[in-house]
Amino acid sequence: MSESKKILVLGAGLVTNPLVQYLLNVPEFEVTVATRTVSKAEAMVGDHPRGKAISFNIEDEEALGSLIADCDLVISLVPWIHHLTVAKLAISLKKQMVTTSYVSPEMKALDTQARDAGIIILNEIGLDPGIDHMSAMEVIHDVEGKGGKVTSFMSNCGGLPSPEATTTPWGYKFSWSPRGVVLAARNSARYLMDGSVVATEGKDLFGDVRHIDVDGLGAYEVYPNRDSMGYQEIYGLNDTKVLFRGTIRNLGHCATWKALSDCGWFELDEVEVEGKTYRKLFAELIKSEGDLKEDLAKFLDVGTDADLISRMEWLGLLSEEIIPGSKTTKLDVLADRLLVKLPYAEGELDMIILQHTFEAEYPDAAKERIVATLVDFGQEGGDSSMARTVSLPAAIATRMILQGEITEKGVHVPVLPGIYQPVLAELAELGIAFKETRESI
């Protein structure tokens, strides 16, 4: 029988359950889930003989050190601001580490220390980032293996309600607090298009819109996702003239969110809202002193019957309903309202779409377009697609590290064939698989 391995999972959020269930299915693994709200961890572990749930405050660094000292590998699924603390403790205690979050410059700087400690700190092993890296590198390495080069790469990903769950005018729903989504809507973006770097300011993010078609599902719109330029080095795309990473949304989303931004709903300045209605605050935002709907239409240069105004009305932003609370920010007023009006109903399923489009050139002058598409749905009575696609790659990589299939040391993201090939193969066995089309151009 294999030697028992102890895994510490920090955090029990909405994406954690598939990871915990996967790891508990490996006979030699013992899994401890540590989180502030222990009932969430207990629900995941149940009465499994190799599972344990404990109450834990991530701010307690001494207790964190004790927990990491007692494990073979730590999986950090807490907010990203804590990953560096976990990583430094993992290095000092010579314990392996896995996380689904982006690599910060500070994390990257720990590479030499991690190598010296003989451990791997594997980051970005979720969906986006994660499955996007692995599936992209699989195609890029295939093209390069045939002597070709990638001249254009566009990668778009989005979490959406499944078509039958798209029951609101917004075409979108939140499975947890939308504050992070609204904060991300303030981000600027950079990408490469026709050989030139394009910079889009946060205020213009939703005005920079493209459209894609997904086989079997139809048309969607895409807006830029943060800074794509760093991926040129990560993926080795030195010959590409196009490098774009985008977020997928249903049609009409971008116009509505651009209107919200233009009206000032994304601002973080504090406002007094005690006793104030949504209508009153909205009137203040656009300096309306007459008919709010007509003034809003003029402010946005659309008709009063425009879809984006109908969406705002449906959300209640033009209503006489009193805003809860007293002092808050405009962004939080909006985020709280989105949470009330756009939750998933019991039994509704979510959907993940991830699509890569490559153009490649080969030594014989042949040119090829390659489209790789992943469409995945939440499980009826089970986990969401978001939870599965984020946490299962991390779970598979954890098993591979502890069973000696991944032997790299240092700070990594999953762009090496020894990592991405077996992870993608196992994801396919679990029903998370890409469909690929190729055509000459």
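Here the convex hull built on the C-alpha positions of segment 238-372 has a volume of 177 cubic angstrom per residue. For the peptides 264-275, 147-158, 345-356, the ranking by mean Cβ contacts within 10 Å, running from highest to lowest, is 147-158, 345-356, 264-275.
Amide H to amide H distances under 5 Å link K367 with I441, where only residues 5 or more positions off or on other chains count and H is placed in the peptide plane. Structural descriptor for the chain: relative contact order 20 percent, calculated from alpha carbon pairs under 8 angstrom and at least 6 residues apart. Bridge orientation summary for the chain: considering DSSP beta bridges with both residues in this region, about 60 percent are antiparallel.
Overall, the accessible surface of the chain at a probe of 1.4 angstrom is composed of carbon and sulfur to the extent of 48 percent.
If you run the Gaussian network model on the chain, springs between alpha carbon atoms under 10 Å, then out of G159, G216, G316 the most flexible one is G216.
Shown here: segment 34-116, whose C-alpha atoms stretch 41, 22, 22 Å along the first, second and third principal axes, sorted largest to smallest. So for segment 39-131: antiparallel DSSP bridges make up what percent, rounded to the nearest 5? Taking every DSSP beta bridge within segment 39-131, about 10 percent pair in antiparallel fashion. When Rg and Dmax of the Cα atoms in Å is computed from the coordinates, the matching label among [x] 23.3, 77; [y] 39.9, 145; [z] 36.3, 121 is [x].
Solvent-accessible surface of the chain, averaged per residue with a 1.4 angstrom probe and all protein chains in place: 44 square angstrom. Take every pair of alpha-carbon atoms less than 8 Å apart whose residues are at least six positions apart; their mean separation over the length of segment 312-375 yields a relative contact order of 23 percent. Cβ-Cβ distance of W176 and S196, R₀ of 25 Å, FRET efficiency by 1/(1 + (r/R0)^6): the value works out to about 0.10.
Against the longest principal axis of the chain, how steep is helix 417-429, in degrees 0 to 90 to the nearest 10, with axes from Cα atoms? With both axes taken from Cα atoms, the answer is about 70 degrees. Once each part is reduced to its C-alpha centroid, what is the distance from segment 184-234 to segment 42-100 in angstrom? About 35 Å separates the Cα centre of segment 184-234 from the one of segment 42-100.
Between the alpha-carbon centres of segment 254-316 and segment 1-30 there is a gap of 47 Å.
With only Cα atoms counted, segment 118-215 has Rg and Dmax values of 17.3, 53 Å.
The values are calculated or read from the model by the stated rules, or taken from the named source; none is laboratory data. Predicted model only: the values in this text are computed from it and were never measured. All Cβ positions, even for glycine, are placed from backbone atoms using ideal geometry, and neighbour counts span all protein chains on display. Protein only, heavy atoms only, side chains kept; ligands, DNA and RNA dropped before computing areas. Shrake-Rupley method; radii C 1.70, N 1.55, O 1.52, S 1.80 Å.
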